[in-house]
Amino acid sequence: MHLWVDFPFRGFEGWRGLMHKTRCKNDYLMTQTTLEKTKVNRQGRALAQANPKLKGGYFVIGDTRPEEIFISEELSEEHRMMAEMVTEFCIREVQEPFFRRGRELEVTNPADREAVLALLKKAGELGLCGVSIPEKFGGMALDFKGNTLFSKVMANGFSFATTLGAQTSIGCLPIVYYGNEAQKEKYLPGIASGELVAAYALTEPGAGSDANSGKTSAALSPDGRHYILNGQKIWITNGGFADVFIVFAKIGQDEKLSAFIVERHFEGFSAGPEEKKMGIKGSSTVQIYFDNCKVPVENLLGQRQEGFRMALNILNGGRIKAGAGGIGGAQFSLTRAVEYAVGRRQFGKPIADFGAIQYKIGDIAMRAFASEAALFRTADNIDRKEAELTAAGLPESEAKALAIREFAIEASIIKVKGSELACYATDEAIQIHGGMGYAQETGMEMGYRDARITKIYEGTNEVNRLLSVGELTKRAMVTKELDLAGAGKKIPAFLLKQLSPFRSRAGYAEEERIVQGLKNTFLFLSGMAGKKLGRKMIEEQEIVMNLSDILAEAFVTESVLLKIKKLEGMPAADKAKLDVQRQMMQLYFYEALAKARKAALEAVASFASGAQKRAYTRVVNTLLKPYDVNPRELRRNIAGFVIEKRGYCF
């Protein structure tokens, strides 16, 4: 067993260079190395000791039981009623008018612009603009699971989902989490009712992923009553008609950003024309400008230089919600495609009967089901973490922000998974529609164009893939929250077990083997790459993204396996549906294993050579042994069930 003698238990040390340069050169990866040294930090550590499993990234090093996760089938009656109300609103106010008009809303058209504002007011009347806002300020105060569900079902609202999403998330949450009482009382009731439209202004022409390099400046006026803002922001959602903007700028020579609440009527504020975009044309997107813009000092949001940390925390929540929207959009596209496939006949039968079409239907359903398992698992973890922090004495707003921050790794994984699924599903839905999918009247081509932005906003998927690995490694190497090296020491025993002809195949032993194999593959290759490349790791983004793909599959496979086990323990489970759900799990495992093996072998080939490469390849092949299922039969069975139910039904 000489292969394991030099297993790099300390190989993670080589990632210190990555962590150092990450903090210095890529600000989306430059998250806080420790929480503030305050009561928040002390209580957070005490809670972590009480419940070590409730920690972001724990899934890599530990085991989770089915009863410790939340699944969508456990959503409350209140959650379901809200989802039904949102879906009905989207159908009545967005979908039906679209099909009557035969075209999408375009805010460059004055009449459509007014229609979007009217929709926002109607949403406010129903309480939908205040889902994230405390009840005392006129909001619904939904928990994070409820907000996640809201984002998922709002995908039925086409590009209006982007408008309302900005209103309920990045536009108002900085005030909810970081505003003082006076700021909350002044702005939140109007945002909750839809009377005030909110926007978020971070990105600049020279500061996209490197957000902290922004040039927008703020200087205190001679009389000390105002901050004078100068600069420019781009890609501002809702910017063409927003009343309130959360704006990030550096005060004087500060190293980090501060945040300000800027009103549209402030002297020195102006907005450019609507951008002409590929998709989400019903959403306003403009540039905004500050020319000696006078912002009252009381509109500084939070503490000076707190803006960058604030922006990152808000984006973590936004990433999960973007992923939720992608999953919801995929489910909607699948249902539309199934409806068309059942009605469209060729060669004497519905095209839904053809294997090539069933392949697409089964594949989309499987991916949506698995991604949703990871989505609600994470949303519930955030709620539970918030409850722990609140019970420890933290103010509610701080507890909410820190709980979301805790699961930044999972947030990035979900954002990438959800957005890639949205783009894949809309593309395949067009293909199922054939020529009609390319025609404007079905709405498929609009969905295809709208979905594409999801891989860009809330941090590009490339940034998020780098972030998931960088953040996990930082928690191992800098804050010492996760013992990756300790977990890595268990790999040789796991390898020996895989080589044994007597390993168990009873129950879910094979699926559990795959989940642990994925985790161990990530740990093994992270250690070897860190040992080999050291401080050069930051320059090898392709390898880091390979590792990110393996990490993501470890999280999603474990989530869907835990969901199936939990479903089996629920007495009211639909046996026929549960059988199909098991098959979706099996198909996902089959696909995840293939994707992870490709990523792992590509990583090995990228940093190893000769005998070392051959040895590492043997390790990977042992860790990721094949999964003996019939993918064709699985897809056909899944598709048959979905077709029978006339759409996504899980």
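Screening MET310 on (1) touching a Leu at 6+ places or on another chain (Cβ under 7 Å); (2) in contact (Cβ under 8 Å) with a residue 60 or more places away in the chain; (3) of a type outside the set (Lys, Arg) shows it passes everything except condition (1).
Condition first: in contact with a Leu (Cβ under 8 Å, 6 or more places away or on another chain), touching a residue at least 60 places away in the same chain (Cβ under 8 Å) and surrounded by 15 or more Cβ atoms within 10 Å (Cβ to Cβ). Now tell me which residues in segment 617-650 satisfy that. Even if it seems obvious, please write down each step before you answer.
Step one: of segment 617-650, the residues in contact with a Leu (Cβ under 8 Å, 6 or more places away or on another chain) are 617-620, 622-624, 626-627, 629, 631, 634-635, 638, 642, 647-648.
Still in the running and touching a residue at least 60 places away in the same chain (Cβ under 8 Å): 618-620, 622-624, 627, 634-635, 638, 642, 647-648.
Correct list: VAL619, VAL620, THR622, LEU623, LEU624, TYR627, LEU634, ARG635, ILE638, VAL642, GLY647, TYR648.
Checked against the criterion of being over 24 Å from the mean Cα position of the chain (by Cα), buried (at least 21 other Cβ atoms within 10 Å of the Cβ) and assigned by TED's automatic domain parsing to the domain that holds GLU539, the candidates GLY437, GLY488 yield just one match: GLY488.
Scanning segment 289-311 for residues that are under 30 Å from LEU105 (Cβ atoms) and either under 27 Å from the mean Cα position of the chain (by Cα) or among the basic types (Lys, Arg) (or both) returns a single hit, ALA311. Considering only residues in segment 540-563 that are part of a helix (DSSP H, G or I) and acidic (Asp, Glu), the one that is farthest from ALA411 (Cα to Cα) turns out to be GLU542.
Name the single residue, out of those in segment 257-295 being out of contact with any strand residue (DSSP E or B) (no Cβ under 6 Å at 6 or more places or on another chain) and among the aliphatic types (A, V, I, L, M), that is farthest from ILE246 (Cα to Cα). Filtering first and then ranking leaves MET278.
Within segment 502-525, does at least one residue satisfy the condition of being of a type in the set (A, V, I, L, M, F, W, C), modelled with pLDDT under 90, in the same structural domain as VAL556 (by TED's automatic domain parsing) and within 15 Å of ASN621 (Cα to Cα)? Before you say what the answer is, go through the steps one by one.
Of all residues in segment 502-525, those of a type in the set (A, V, I, L, M, F, W, C) come to 502, 506, 509, 514-515, 518, 522-525.
Adding the requirement that they be modelled with pLDDT under 90 leaves 502, 506.
Right, trim to in the same structural domain as VAL556 (by TED's automatic domain parsing) and you get 502, 506.
If we keep only those that are within 15 Å of ASN621 (Cα to Cα) too, we end up with none.
The answer is no; no qualifying residue exists.
Do you know which of the residues in segment 98-121 that are in contact (Cβ under 8 Å) with a residue 60 or more places away in the chain and not hydrophobic (A, V, I, L, M, F, W, C) is surrounded by the fewest Cβ atoms within 10 Å (Cβ to Cβ)? Ranking the candidates gives GLY102 first.
Name the single residue that is modelled with the lowest pLDDT among those in segment 595-637 being under 22 Å from VAL556 (Cα atoms) and among the basic types (Lys, Arg). Per the stated criteria, the residue is LYS625.
Based on this model, can you work out whether ARG505 counts as closer than 25 Å to ASN637 by Cβ and part of a helix (DSSP H, G or I)? Give the derivation first.
On the way: closer than 25 Å to ASN637 by Cβ: yes; part of a helix (DSSP H, G or I): no.
So ARG505 does not fit the description; no.
The condition of being outside the structural domain of THR454 (by TED's automatic domain parsing) and touching a Lys or Arg at 6+ places or on another chain (Cβ under 8 Å) holds for only one of ILE170, ILE175, ILE191, that being ILE175.
For segment 235-284, taking the residues that are touching a Cys at 6+ places or on another chain (Cβ under 9 Å) and assigned to a loop (DSSP other than H, G, I, E, B), the one that is nearest to VAL176 (Cα to Cα) is identified as PHE266. Screening LEU315, LEU334 for residues that are of a type in the set (A, V, I, L, M, F, W, C), crowded, with 24+ Cβ neighbours inside 10 Å, in contact with an Asp or Glu (Cβ under 7 Å, 6 or more places away or on another chain) and not assigned by TED's automatic domain parsing to the domain that holds MET584 leaves exactly one candidate, LEU315. Consider segment 440-461 and keep the residues that are touching a residue at least 24 places away in the same chain (Cβ under 8 Å) and acidic (Asp, Glu). The one that is surrounded by the fewest Cβ atoms within 10 Å (Cβ to Cβ) is GLU441. The residues of segment 49-69 that are farther than 16 Å from LYS519 by Cβ, assigned to a helix (DSSP H, G or I) and modelled with pLDDT of 95 or more, listed by number, are PRO66, GLU67, GLU68.
Table: residues versus (1) at pLDDT below 95; (2) under 14 Å from the mean Cα position of the chain (by Cα); (3) surrounded by fewer than 24 Cβ atoms within 10 Å (Cβ to Cβ); (4) outside any helix (DSSP H, G or I).
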position: TYR359; (1), (2), (3), (4): no, no, yes, no
position: ALA365; (1), (2), (3), (4): no, no, no, no
position: SER371; (1), (2), (3), (4): no, yes, no, no
position: ALA374; (1), (2), (3), (4): no, yes, no, no
position: ILE382; (1), (2), (3), (4): no, yes, no, no
position: ALA387; (1), (2), (3), (4): no, no, yes, no
position: SER397; (1), (2), (3), (4): yes, no, yes, no
position: LYS400; (1), (2), (3), (4): yes, no, no, no
position: ILE409; (1), (2), (3), (4): no, yes, no, no
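Within segment 138-175, the only residue that satisfies the criterion of being over 16 Å from the mean Cα position of the chain (by Cα), assigned to a helix (DSSP H, G or I) and surrounded by fewer than 23 Cβ atoms within 10 Å (Cβ to Cβ) is ASN156. For segment 612-633, filtering for residues that are under 30 Å from GLN583 (Cβ atoms) and part of a helix (DSSP H, G or I) leaves 7.
Restricting to segment 440-473, name every residue that is among the β-branched types (Val, Ile, Thr) and part of a helix (DSSP H, G or I). Even if it seems obvious, please write down each step before you answer.
Start the filter on segment 440-473 by keeping residues that are among the β-branched types (Val, Ile, Thr), which leaves 442, 453-454, 456, 460, 463, 469, 473.
Residues satisfying the conditions are THR442, ILE453, THR454, VAL463, VAL469, THR473.
Of all the listed residues (ILE234, ILE251, ILE280), the sole one being in contact with a Ser or Thr (Cβ under 7 Å, 6 or more places away or on another chain) and more than 29 Å from ALA115 (Cβ to Cβ) is ILE251. Of all the numbered requirements in (1) small (Gly, Ala, Ser); (2) assigned by TED's automatic domain parsing to the domain that holds ILE288; (3) touching a helix residue (DSSP H, G or I) at 6+ places or on another chain (Cβ under 7 Å), ALA219 misses one, and that requirement is (3). Against the numbered list (1) in a loop (DSSP other than H, G, I, E, B); (2) surrounded by 15 or more Cβ atoms within 10 Å (Cβ to Cβ), GLN95 comes up short only at (1). With respect to the conditions (1) crowded, with 21+ Cβ neighbours inside 10 Å; (2) without any contact (Cβ under 8 Å) to a residue 60 or more places away in the chain, ALA207 falls short on a single one, namely (1).
Report the residue count in segment 418-434 for those that are surrounded by fewer than 24 Cβ atoms within 10 Å (Cβ to Cβ) and assigned to a helix (DSSP H, G or I). Please lay out each step first, then the result.
As a first pass, look at segment 418-434 and keep what is surrounded by fewer than 24 Cβ atoms within 10 Å (Cβ to Cβ): 420, 423-424, 427-428, 430-431, 433-434.
Now restrict to residues that are assigned to a helix (DSSP H, G or I): 420, 423-424, 427-428, 430-431, 433.
The qualifying residues number 8.
When ASP450 is tested against (1) out of contact with any Lys or Arg (no Cβ under 6 Å at 6 or more places or on another chain); (2) more than 30 Å from ILE175 (Cα to Cα), only condition (2) is not met.
The values are calculated or read from the model by the stated rules, or taken from the named source; none is laboratory data. As the structure is a prediction and not an experimental result, all values here were calculated from the model. Reconstructed Cβ throughout: ideal geometry from the backbone, glycine too, with neighbour counts over all protein chains shown.
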